[in-house]
Amino acid sequence: MEKQSAFNIHPMDQFIIDPILMGESLEWYSFTNQALWMLISLACISFVFIYGSRKHQLVPGRLQSVAELMYFFIRDMIIDIAGQEGLRYFPYIFTLFILILFGNVLGLLPYSFTYTSHIAITGFLALSVFITVTAIGFIKNGFGFLSLFWISSAPLALRPILLIIEVISYFVRPVSHSIRLAGNMMAGHAVIKVFAGFAGALGLGAVAPIFAITAVYGLEMLVVVIQAYVFTILTCVYLNDALHPGH
Amino acid sequence: MVDGNLVEMGKLIGAGLACTGMGGAAIGVGHVVGNFLSGALRNPSAASGQTATMFIGIAFAEALGIFSFLVALLLMYAM
Amino acid sequence: MASTSDNSAVGMPQLDFSTFPNQIFWLAIFCIVLFAIVKFFIIPRMEDIFANRRKIIDGNIAKAEEIRLRVDEIEKKIEEELQKAKSQCDEIMNTSGLNIKEQMASALEDSKIATSQLISEAEGRLKELRDGSEIAIEKISEELASDIMKKITGEKQG
């Protein structure tokens, strides 16, 4: 699309992937701004979880209590939703959670890059969840896993119809799982960018859009955490389906 | 936009129409949270155990809105 | 990446499929490293902290239980001592009451005896006195009578 409007607004520019090292052209191995922000988020995770709790304090300090809060939050969530046997997959789910959470939160910094706003990233994560969960279902239950689609509590006449619906909704899971996260991140950041463009164009009247940016930013803080939570909780729900397909 | 490009115009109108589907998702999410809240105010002690269920309900209600968003994106960029 | 305007985004950068291999390559590396960090650093550390805390809390609870038992024991002992002291006190009170009664009775007896002795003595003396006085009266009356006789019979006789 052409950009010829009076407002010089490029809300999508913040999502461009730039090779920042190793030349101008984008190869599959080139180090991009996205990879840089992944590295930064890795550093932040290490800071909070490894540096913050290095003293093994009995009464946690600030950083350690943040780390413990996240750790036990996810742990309790898995036990609540997928039961005790879900705890075997705790490292996997916890990795997903902190990856998404730190990506989302760091993306709120000005001039940062939100790697979770890319469909490739969230699609990869959602597909990996989908494949893992399906594999776990078949390994744990054999072909009994297919009873997930054959709802024995429904009347017999309805079951074939429900079978079709269930199968479709099962295969559509990674789509909604990934696009929910990417869409929320992209939309929030684009809205902030659009308001910022208004502020640049209005001169002294920029107070209103700046106020709006503040409000949207506050909302985004909430959305960012909730989306990480929702991604993780849906992973737990899918895991529960795989572990106990009967109900 | 580029004048005279009827296909482009149709795509953009279609994308805009597809986005109205997200309003349905908004209504659905509003229903979920509203009913959760009215139940929670009646029995606040049981509410804290059900917030996870509420978020799952929100996620499922939102999923269908996401499909309309996906349709809009496909119309605008992928076709 | 701040809009340098010559390479501003056309459409959605997210749907630029040529960047996908690069993104997925870096994401895979990131995921593996993060998983390793979670698995080999974060989880052992957290579990260690949690186990430590659990151990100390359990230890404290056990200690508290022990102290509570000891307090119960001490309380029982105090109760026993109190009971014993009470019964002793009762005994002392009882025996002392008897003693006092006895003493009082004996004192009463003593005083009775003493008073009866005194009374009999006094009676004896009174009798004596009375007897003595009778004799004296007789004597006096005899003397008086003889005096009168003398007076009557003549004064020369005396």
Worksheet item: Out of the range C:7-64, which residues are of a type in the set (D, E, K, R) and either in contact with an Asp or Glu (Cβ under 6 Å, 6 or more places away or on another chain) or at the interface with another protein chain (Cβ under 7 Å from one of its Cβ atoms) (or both)?
Response: C:Lys39, C:Arg45, C:Asp48, C:Arg53
Worksheet entry | Residue tally, condition outside any loop (DSSP other than H, G, I, E, B) and closer than 21 Å to C:Phe35 by Cα, over the range A:42-64 | 12
Worksheet item: Looking at (1) more than 12 Å from chain C (Cβ to nearest Cβ); (2) surrounded by 14 or more Cβ atoms within 10 Å (Cβ to Cβ); (3) of a type outside the set (Phe, Trp, Tyr), which is the only condition A:Ser46 fails?
Response: (1)
Worksheet entry | Some residue of the range A:174-193 being exposed (fewer than 15 other Cβ atoms within 10 Å of the Cβ) and more than 14 Å from chain B (Cβ to nearest Cβ) | no
Practice prompt. Could you list all residues from the range A:25-43 that are under 14 Å from A:Ile121 (Cβ atoms), touching a helix residue (DSSP H, G or I) at 6+ places or on another chain (Cβ under 7 Å) and within 7 Å of chain C (Cβ to nearest Cβ)?
Written response: A:Thr32, A:Gln34, A:Ala35, A:Met38
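Since every read-out is calculated from the coordinates, none of them should be taken as a lab result. Values in this document were obtained by computation on a predicted structure and should not be read as measured data. All Cβ positions, glycine included, derive from the backbone under ideal geometry; neighbour counts span all protein chains shown.
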